[in-house]
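The structure appears below as structure tokens.
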Amino acid sequence: MYFVITGTDTGVGKTFSTTLLIRSLRRAGLDTVGMKPVCCGDREDAELLHAAAEGSVELNDINPIWLRTPASPYTASLIENRMIDLDAIRECYSKLRKAHRSLLVEGVGGWMVPIRKDYFVRDLAAEFGLPILLVVPNRLGALNHTLLTLQSIQSSGQSCAGIIFNHAGSSTTDVATVTNRSMLEDLTDVPILFEIEQDQQDIHLGIA
């Protein structure tokens, strides 16, 4: 089982969703690990993926590129005067893919976040050739952000396998949050695979 996990924006719950999936898939008997090709700012996302995979892979393989500036990778690379090494990302991806039956690659920020001036999260996903899982936070604006992201995924010739609908972190109940799921089901053919609730610790995958 191999996927790239992206989001409609930064801070939408990609890491939370990815770690839930890793733990659930491992409990179902799959040797699932995660990869976070680029971290900007702290390295907490990669550390959480490392913990979810029970330390079965090295942190530097999970996260080959770590920039200390909390900004987009391209911005951070300019500030730190450091070109992002795409070959290092490719090598770690190939190593993890060969060694594990199941790999979840978590993007940085949203679908069109620049990694280099002419290379975006979109392009990294295209290189890996994996289907996409899209994390959508249940909040005002979700419809617009989701439809724009799906349109970009599809126009780039890639496939979105499903939506992870994330309620975690949503503290308001309003018309938008009550109707977002039904509206997405009406507006797109991409299935909503899971809903993640506050403090959820597991995803029931139905894998025997």
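The values are calculated or read from the model by the stated rules, or taken from the named source; none is laboratory data. Here the structure is a predicted model, which means the values were calculated and not measured. Neighbour counts run over all protein chains shown; Cβ positions are idealised from the backbone, glycine included.
Of a type in the set (Asp, Glu) and over 17 Å from the mean Cα position of the chain (by Cα): does that describe Asp87? Yes.
Does Gly109 satisfy the criteria of being within 16 Å of the chain's Cα centre (by Cα), within 19 Å of Thr15 (Cα to Cα) and at pLDDT below 95? For Gly109, the condition - within 16 Å of the chain's Cα centre (by Cα), within 19 Å of Thr15 (Cα to Cα) and at pLDDT below 95 - is met. Scanning segment 64-100 for residues that are over 19 Å from Met35 (Cα atoms), surrounded by 13 or more Cβ atoms within 10 Å (Cβ to Cβ), out of contact with any helix residue (DSSP H, G or I) (no Cβ under 6 Å at 6 or more places or on another chain) and of a type in the set (S, T, N, Q) yields a count of 2. Inside segment 1-20, residues that are assigned to a helix (DSSP H, G or I) and surrounded by 24 or more Cβ atoms within 10 Å (Cβ to Cβ) make up a count of 3.
All conditions but one from (1) basic (Lys, Arg); (2) modelled with pLDDT of 95 or more; (3) over 12 Å from the mean Cα position of the chain (by Cα) apply to Lys14; the one that does not is (3).
For segment 129-142, the tally of residues that are more than 19 Å from Ile22 (Cα to Cα) and surrounded by fewer than 17 Cβ atoms within 10 Å (Cβ to Cβ) stands at 3.
Applying the criterion of being in contact with a Phe, Trp or Tyr (Cβ under 9 Å, 6 or more places away or on another chain) and surrounded by fewer than 16 Cβ atoms within 10 Å (Cβ to Cβ) to the residues of segment 102-128, the residue that is nearest to Val38 (Cα to Cα) is Arg116. Please name all residue pairs, on different chains or six or more residues apart, with Cβ atoms under 7 Å, provided the first residue is in segment 86-113 and is over 17 Å from Leu21 (Cα atoms) and the second residue is surrounded by 14 or more Cβ atoms within 10 Å (Cβ to Cβ) and of a type in the set (Gly, Ala, Ser). From segment 86-113, the pairs are Gly109/Ser72; Gly110/Gly7; Trp111/Ser152; Met112/Ser152; Val113/Ser72.
Select from segment 160-184 the residues that are polar (S, T, N, Q) and under 22 Å from Leu20 (Cβ atoms) and write down the one among them that is surrounded by the fewest Cβ atoms within 10 Å (Cβ to Cβ). Top of the filtered list is Ser171. Does segment 45-68 contain any residue that is over 20 Å from the mean Cα position of the chain (by Cα), part of a loop (DSSP other than H, G, I, E, B) and under 20 Å from Arg122 (Cα atoms)? There is no residue in segment 45-68 that is over 20 Å from the mean Cα position of the chain (by Cα), part of a loop (DSSP other than H, G, I, E, B) and under 20 Å from Arg122 (Cα atoms).
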